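Here the structure is laid out as structure tokens; the discussion comes afterwards.
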Amino acid sequence: LVVVVTSGAAMGILYQTAFDQQRQALVQMAKSQARLIESVAKFDQKFSKFDHPDGPMAATLEQVRDAQKQYPGMGTTGEFTLAKRKDNQIVFLLRHRHFDFDIPKPIPFDGLFAEPMRRALSGNSGSVIGLDYRGQAVLAAHEPVAILNLGIVAKIDLSEIREPFIIAGMNVGVIALVVI
């Protein structure tokens, strides 16, 4: 009983520590990406008004898409999404998952999905556990991109965060049983 309780407590503490570190890393990623996009947008508005046929915002988004294609990604399910609010819809402009660049279909702003993006588009900054645009439970950091009226989200599925701890917990359980 002592071995099982001690092992369980240790796994819980390690999981919480890793979870908090992942949350902090996502928040920093979302903030740095938002500030970088804002900086590029300011430059494009000032110096690239006529360089892109669709205007400076399109020039900025094209540069962001190009940069994201060079980024290897975050794990299996980690990704960045960039979106805007159009009427009562969340319209995704960018989705970066290292194996898939398809842009999700627009979803209702007041729907059940895309809670992190809804918060970013509402001007909120921070992190949340909620459903993403696919309806999957995620740990996400959200940040507004003020100059373009966009939102950016850095997120990872909760199942990907939990998986190594579940496997480690089963291994520790087996070892504990053998030792006992």
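The values are calculated or read from the model by the stated rules, or taken from the named source; none is laboratory data. From a predicted model like this one, the values you see are computed outputs, not experimental measurements. Heads up, the Cβs are rebuilt from the backbone with ideal geometry, glycines too, and the neighbour counts pull from every protein chain shown. Surface areas here come from the heavy atoms of the whole protein model, side chains and all, with no ligands, DNA or RNA. Shrake-Rupley method; radii C 1.70, N 1.55, O 1.52, S 1.80 Å.
In segment 65-167, which chymotrypsin sites (Phe, Trp or Tyr not before Pro) are in a loop and have at most 11 other Cβ atoms within 10 Å, using DSSP for the loop call?
Phe99
At 1.4 Å probe size, with every protein chain present, just tell me what the per residue accessible area of segment 52-156 comes to in Å².
Averaged over the residues of segment 52-156, the accessible area is 46 Å².
If I stretch the segment between Thr76 and Gln16 completely, what's the gain in nm (0.36 nm per residue apart, minus their alpha carbon distance), one decimal? Let's see the in-between values first.
Values: separation 60, 0.36 × 60 = 21.60 nm, distance 2.04 nm.
Separation in residues times 0.36 nm, less the Cα-Cα distance, equals 19.6 nm.
Obtain the radius of gyration and the Kirkwood radius of segment 49-125 from its C-alpha atoms and give Rg over Rh.
Result: Rg/Rh = 1.00.
Cross-link partners among lysines for Lys155, C-alpha distance below 30 Å, same-chain residues fewer than 8 apart left out?
The qualifying lysines are Lys31, Lys42, Lys69, Lys84, Lys86, Lys105.
For Cα pairs less than 8 Å apart in space and 6+ apart in sequence, what is the mean separation divided by the residue count of segment 1-134, i.e. the relative contact order in percent?
It comes to 14 percent, rounded to a whole number.
Out of segment 71-170, which trypsin sites (Lys or Arg not before Pro) are coil in DSSP terms and have no more than 15 other C-beta atoms within 10 Å?
Taking segment 71-170 and a limit of 15 other Cβ atoms within 10 Å, the loop trypsin sites (Lys or Arg not before Pro) found are Arg134.
Starting at the first residue of segment 129-139, write each ³J(HN,Hα) from the Karplus equation 6.51 cos²θ - 1.76 cosθ + 1.60 with θ = phi - 60°, in whole Hz, x for Gly and Pro.
3J(HN,Hα) across segment 129-139, in whole Hz: 9, x, 8, 8, 5, 8, x, 8, 6, 9, 9.
According to the Cα gyration tensor, what semi-axes, each the square root of 5 times an eigenvalue, does the equivalent ellipsoid of segment 1-141 have, listed from largest to smallest in whole Å?
35, 17, 13
With the other protein chains left in place, how much accessible area per residue, in square angstrom, belongs to segment 1-44 at a 1.4 angstrom probe?
Solvent-accessible surface per residue comes out at 62 Å².
Can you give me the long-range amide H partners of Leu150? Hydrogens built in the peptide plane at 1.01 Å from N, cutoff under 5 Å, separation of 5 or more residues or another chain.
Val145
Using a 7 Å offset from the Cα along the Cα-to-Cβ direction at both Ser159 and Ile129, what is the distance between the two label points in nm, to one decimal?
Between Ser159 and Ile129, the simple spin-label model gives 1.7 nm.
List the residues whose amide H sits under 5 Å from the amide H of Gly130, counting only those 5 or more places along or on another chain, with H placed 1.01 Å from N in the peptide plane.
Those lying under 5 Å, H to H, from Gly130 are Val138, Ala140.
Give me P(r) over segment 77-172, computed from all C-alpha to C-alpha distances, binned every 5 Å, as integer percentages.
3, 15, 24, 25, 15, 8, 5, 3, 2, 1, 0
Per residue of segment 82-95, in order, report the coupling 6.51 cos²θ - 1.76 cosθ + 1.60 (Karplus, θ = phi - 60°) as ³J(HN,Hα) in whole Hz, putting x for Gly and Pro.
10, 8, 10, 9, 10, 6, 10, 10, 9, 10, 7, 10, 8, 9
I'd like the carbon and sulfur percentage of the solvent accessible area for the chain, probe radius 1.4 Å, heavy atoms only, ligands and nucleic acids excluded.
60
Per Stokes-Einstein, at 4 °C and 1.567 mPa s, what whole-number D in µm² s⁻¹ belongs to segment 1-49, with the Kirkwood radius over Cα pairs as the hydrodynamic radius?
The diffusion coefficient I find is 93 µm²/s.
Return the long-range amide H neighbours of Met74 (sequence gap of 5 or more, or a different chain), with a cut-off of under 5 Å between placed amide H atoms.
Excluding prolines and chain starts, which carry no amide H, the hits are His98.
From the backbone phi of segment 167-177, what are the Karplus-calculated ³J(HN,Hα) couplings (6.51 cos²θ - 1.76 cosθ + 1.60, θ = phi - 60°) in whole Hz, Gly and Pro given as x?
Running phi through 6.51 cos²θ - 1.76 cosθ + 1.60 with θ = phi - 60° gives 5, 4, x, 5, 5, 5, x, 5, 4, 4, 5 Hz.
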